[in-house]
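This report concerns only the one structure given below.
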Amino acid sequence: GRGTTANLEEIVIGRCNDYIGLKNPAAGKKNCTLLWQTLKSVFASKDPCKITQDDYKPFLTMAEHDIPSGKSIFWSQTGELTRQYADIVKNVMPLESTLTGYMLNGLNWCGQRSSSELNYEVCPAWNECEENAAKSFWRSASVVYAKKASGEVKVVLNGSSQTRAFRTESIFGSIELGNLDTNRISSIQLWIMDNLSGSDKESCGVGSIAQLEIALKHKGFKFSCIDNYRPVQLIQCIWMPEHKSCNICPKN
Ligand code: G2Q
């Protein structure tokens, strides 16, 4: 593991003000200093491996805001690509574009039992212990985020995954999927993105994607599936413009 991100307090409070002031004023009035204090009290003076999902509830409740219908987008093994897509098109709002996700994305934090100071020495690695400060946050935030999804929802999965595109043990598979509300969601669109230079291991209707489709059907969701959704693929193409999938006029 590595220690808490340097200047965590300044970054978190700064990002919060950036979010409510500029990025998403529709989130409404929030007290960013109080949000920071509430967040800090979740993990300060505690064993960093004994922070539960419930511990984050006061912070998550205080930071809650609406997610417009049709803007929810889930991902698994496609986080960076999904965030890039969201930053460009601005008509989707992944967890990392909500207040809590925006405040903490890419950061690391934990405390220690012996003092109320943040732990700048070493925080648990992601899989070091189940209830670590960061993991419990992302799990807890994912529950809140999934429950709010409404309208047409998107899911971006990795068709070139070395394991499986849909993993029941992932946060998407184990937490978000089970918290989606059939009464609020009109349909679910799956986007299966292969790495441009990777292998096409799984596609719509194949392998673990087929399992996910069956699960969605059983739960009563309307869904559709698109392989290599072109707008997202064009973002992948920025780094490989000469790749044949990036050719605007393919010479077959
Ligand atoms: N920022 C993010 N967004 N995630 C982070 C961070 C961070 O700084 N640090 C760790 N993680 P995956 P899933 C965790 O297999 O497990 C959220 C994430 O919590 O690619 O399915 C979002 O709504 C996650 O466990 O994806 C999405 O739908 C892991 O990195 C879903 O949860 C990425 O593992 C993705 O989680």
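Okay, here's what the table says:
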| read-out | value |
| --- | --- |
| Condition met for Ser45 (away from the ligand (no atom under 16 Å from the Cβ) and outside any helix (DSSP H, G or I)) | yes |
| Selected residue [modelled with pLDDT of 95 or more, touching a helix residue (DSSP H, G or I) at 6+ places or on another chain (Cβ under 6 Å) and away from the ligand (no atom under 11 Å from the Cβ)] from Phe74, Phe59 | Phe59 |
| Residue in the range 235-250 that is surrounded by 13 or more Cβ atoms within 10 Å (Cβ to Cβ) and within 19 Å of Ser76 (Cα to Cα) present | yes |
| Evaluation of Ser187 against (1) within 10 Å of the ligand (Cβ to nearest atom); (2) part of a strand (DSSP E or B) (one fails), failing number | (1) |
| Residue list for the range 151-171, filter: away from the ligand (no atom under 12 Å from the Cβ) and surrounded by 21 or more Cβ atoms within 10 Å (Cβ to Cβ) | Gly159 |
| In the range 97-123, the residues that are over 30 Å from Ala146 (Cβ atoms) and in contact with a Pro (Cβ under 8 Å, 6 or more places away or on another chain) | Gln112 |
| Tally, over the range 203-252, of residues that are modelled with pLDDT of 95 or more, farther than 27 Å from Asp87 by Cβ and part of a loop (DSSP other than H, G, I, E, B) | 5 |
| Residue satisfying all of: in the range 57-103; of a type in the set (D, E, K, R) and surrounded by 15 or more Cβ atoms within 10 Å (Cβ to Cβ); farthest from Ser136 (Cα to Cα) among these | Lys71 |
| Which listed residue is in contact with a Lys or Arg (Cβ under 6 Å, 6 or more places away or on another chain) and surrounded by fewer than 16 Cβ atoms within 10 Å (Cβ to Cβ), from Ser174, Ser187 | Ser187 |
| Residue among Cys32, Cys49 that alone is touching a residue at least 24 places away in the same chain (Cβ under 8 Å) and over 19 Å from the mean Cα position of the chain (by Cα) | Cys49 |
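The values are calculated or read from the model by the stated rules, or taken from the named source; none is laboratory data. Bear in mind that the values here come from a model prediction, so they are computed numbers and not experimental data. FYI the Cβ positions are ideal-geometry reconstructions off the backbone, even for glycines, and counts take in every protein chain you see.
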